[in-house]
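Data first, discussion second: the structure below is written as structure tokens.
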Amino acid sequence: MITFLDSGFSQLNDFIDQLNPGRLLILVDENTHEHCLPTLLGNLETTVPFEIIEIEAGEEMKTIETAVQLWEILAEFETDRSSVLINLGGGVITDLGGFVASTYKRGIRFINIPTTLLGMCDASIGGKTGIDHRFIKNLAGTFCLPAHIFVYPEFLKTLPSTELRSGFAEMLKHGLIADKKHWQELTSITQLSPEAVIAHIEKSMNIKQRIVDEDYHETHIRKTLNFGHTVGHAIESLFLQLGTPLPHGEAVAAGMICETWISYLEDFISETEANNIITELRRFYPTIPVDSSYFEKLLLLMSHDKKNTGSSIRFALLNETGKAGYHYEVSVENILLALKIYQK
Ligand code: GLY
């Protein structure tokens, strides 16, 4: 399911041979076109005809309009169900490409080659595809697994540091919810760099894969992966609406700080444990200023969260460092308290 590519991409070439597609479509954005596609094409050894499809980079592209354009392009290329779409990019490309592949002609096969840390450690794994709509992230989407995920960590060296920070937040989350040792290894990193994180990618990916294998449709333990995301998604949506989008991981890191504090307020962890975790998180992620006049708006956005049932706001929370639970109902009072503490 997940393969780390050697420098000749032989495992990818063998896999494509095995799939025996009538046509390959390679979805890229302008960044991966420039920085990653030459490496992929330089190593691709196939007689299968292929087409490159490029979209602009950015979360703003993850819309139904782009999906419609991509369906139309696939139709123009006479793509049939024997074709395979290769998603070469970060979370936007794998989410959107997966959505388009899973819905085009009721579904064609797709391969994810994540090129960002977030893509590698989170978005490409687990078969969640989707598009955003009216400032609500992943309002529409499908569960559909990629045929395979191929990882080439060298792609991380083409990224700005903001992208690395964004993905690192999800890695820290994996440690916090499921593996204390992974958390300790990650927080012993003093300076974030591709070299520093590459050694930990496989472990982080395996943590997510293990959780997804246990609960693909997110009826129980997969909900723990939403730790930090109830508040984080609300902050991300707010900033998108304000016209100043935040990298996903920065918003999730803010969410993890708030939700660690909520874990304390709800009596799951001690104040000392909460403070220790928050100190480490703040070392990598300084506070994102949010004026208290937006708190009501944030609550409204949280109430739209897909994890809720009925009208209550549900959270995944820490039970200890390295262990999380889910489906906890938290009072508005404690959510507001955590937002206030986060701003201090
Ligand atoms: N990003 C959370 C999940 O895939 O479940």
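The values are calculated or read from the model by the stated rules, or taken from the named source; none is laboratory data. The structure displayed is predicted, hence computed values, not measured ones. Backbone-built Cβ (ideal geometry, glycine too); neighbour counts: all protein chains shown.
Only one of the listed residues (Gly126, Gly130, Gly141) is under 17 Å from Arg222 (Cβ atoms), assigned to a loop (DSSP other than H, G, I, E, B), modelled with pLDDT of 95 or more and within 16 Å of the ligand (Cβ to nearest atom). That residue is Gly126. Of all the numbered requirements in (1) closer than 30 Å to Leu19 by Cα; (2) crowded, with 24+ Cβ neighbours inside 10 Å; (3) in contact (Cβ under 8 Å) with a residue 40 or more places away in the chain; (4) away from the ligand (no atom under 14 Å from the Cβ), Phe110 misses one, and that requirement is (3). Based on what the data block shows, is Ser82 within 16 Å of the ligand (Cβ to nearest atom) and under 28 Å from Pro49 (Cβ atoms)? Against the criterion (within 16 Å of the ligand (Cβ to nearest atom) and under 28 Å from Pro49 (Cβ atoms)), Ser82 does not qualify. Residues that are more than 23 Å from the chain's Cα centre (by Cα), in contact (Cβ under 8 Å) with a residue 12 or more places away in the chain and either within 25 Å of Val212 (Cβ to Cβ) or surrounded by 15 or more Cβ atoms within 10 Å (Cβ to Cβ) (or both) within segment 14-31 comprise Phe15, Ile16, Leu19, Pro21, Arg23, Leu24, listed in sequence order. Being touching a His at 6+ places or on another chain (Cβ under 9 Å) and either of a type in the set (A, V, I, L, M) or within 25 Å of Leu164 (Cα to Cα) (or both) is a property that Gly255 has. Consider segment 32-51 and keep the residues that are more than 19 Å from Leu159 (Cα to Cα) and among the charged types (D, E, K, R). The one that is farthest from the chain's Cα centre (by Cα) is Glu45. Can you say whether Val252 is in contact with a helix residue (DSSP H, G or I) (Cβ under 7 Å, 6 or more places away or on another chain), within 12 Å of the ligand (Cβ to nearest atom) and of a type in the set (A, V, I, L, M), as far as the supplied structure shows? Yes: the conditions hold for Val252.
Please tell me if Glu320 is among the acidic types (Asp, Glu), modelled with pLDDT of 95 or more, surrounded by fewer than 17 Cβ atoms within 10 Å (Cβ to Cβ) and farther than 20 Å from Leu225 by Cβ. Answer is no for this residue.
Residue pairs whose Cβ atoms lie under 9 Å apart, sitting 6 or more positions apart in sequence or on different chains, and linking a residue in segment 200-216 that is part of a loop (DSSP other than H, G, I, E, B) to a partner that is modelled with pLDDT of 95 or more, are Asp215/Ile221; Asp215/Arg222; Asp215/Lys223; Tyr216/Gly126; Tyr216/Gly127; Tyr216/Phe143; Tyr216/Leu145; Tyr216/Arg222. Considering segment 163-199, and only residues there that are without any contact (Cβ under 8 Å) to a residue 24 or more places away in the chain and charged (D, E, K, R), the residue that is farthest from the ligand (Cβ to nearest atom) turns out to be Glu195.
For segment 217-245, residues that are in contact with a Lys or Arg (Cβ under 8 Å, 6 or more places away or on another chain), among the polar types (S, T, N, Q) and either more than 16 Å from the ligand (Cβ to nearest atom) or modelled with pLDDT under 95 (or both) total 1.
What are the residues in segment 144-171 that are in a helix (DSSP H, G or I) and of a type in the set (Val, Ile, Thr), if any? Listed by number, the residues that qualify are Thr158, Thr162.
Scanning segment 42-87 for residues that are part of a helix (DSSP H, G or I), out of contact with any Phe, Trp or Tyr (no Cβ under 9 Å at 6 or more places or on another chain) and surrounded by 13 or more Cβ atoms within 10 Å (Cβ to Cβ) turns up Glu59, Met61, Ile64, Thr66, Gln69, Ile73. Does segment 261-280 contain any residue that is under 26 Å from Lys208 (Cα atoms), free of Cβ contacts under 8 Å to residues at least 60 places away in the same chain and within 16 Å of the ligand (Cβ to nearest atom)? No, segment 261-280 contains no residue that is under 26 Å from Lys208 (Cα atoms), free of Cβ contacts under 8 Å to residues at least 60 places away in the same chain and within 16 Å of the ligand (Cβ to nearest atom).
Looking at the structure I just gave you, is Gly243 touching an Asp or Glu at 6+ places or on another chain (Cβ under 8 Å) and more than 17 Å from Thr321 (Cβ to Cβ)? In short, no.
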